[in-house]
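Colleague: This structure is in structure tokens; I'll ask about it shortly.
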């Protein structure tokens with residue numbers, strides 16, 4: 001009889017283990033949904049995509065030896081709320097952390113939130129030099145080989 005009692009305990013442990021796994025998986029799925037809803041409700045996801053695509057289009061349509069100046073106050077405001085950036089942090093420092101241009105990969109990278117970001121490629125074969133002054137992002141377009149490979153590192 002002692003053997004039968006032991007068998008019942010193992011079945012109970014297995015059922016408990018299954019319940020714990022079920023609970024943990026549900027908690028993970030729920031957490032992922034909450035994070036996604038939080039990012040989507042702030043508009044950060046759409047704004048990351050929109051800014052990356054618009055900047056890429058501007059770069060593709062640009063000619064060498066011109067400068068493009070963009071007012072980035074809206075992305076800075078989004079980043080301040082979604083990344084919990086201190087109000088004492090300068091706008092230019094925030095902007096350097098949320099927009100990057102990679103000349104090697106020909107990518108515009110936007111990161112308005114703590115996690116993730118959005119990458120969009122451009123096709124033009126120019127070097128892009130990025131500079132920041134306050135809320136303004138300046139993109140200087142030069143012929144290939146005139147600037148460094150990655151711009152915008154904080």
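Coordinate-derived values only; no laboratory data. Not measured: the values here are computed from a predicted model. Here the Cβ positions follow ideal geometry from the backbone for every residue, glycine too, while neighbour counts run over all protein chains shown.
Colleague: Give the calculated FRET efficiency between residue 66 and residue 46 to the nearest 0.05, with a Förster radius of 30 Å applied to their Cβ-Cβ distance.
Modeller: 0.60
Colleague: Treat the count of other C-beta atoms within 10 Å as a stand-in for reagent exposure and order 48, 13 from fewest to most.
Modeller: Result, fewest neighbours first: 13, 48.
Colleague: Right, next: Express in nm, to one decimal, how much length is gained between residue 20 and residue 115 on full extension, taking 0.36 nm for each residue of separation and deducting their alpha carbon distance.
Modeller: 31.4 nm
Colleague: Additional query: Report the dimensions of region 43-151 along its three principal axes from the alpha-carbon atoms, largest first, rounded to Å.
Modeller: Reported extents, whole Å, longest axis first: 38, 24, 19.
Colleague: Just to verify a number: FRET efficiency for residue 28 and residue 142, C-beta to C-beta distance, R0 = 41 Å, to 0.05?
Modeller: According to the calculation, E is roughly 0.30.
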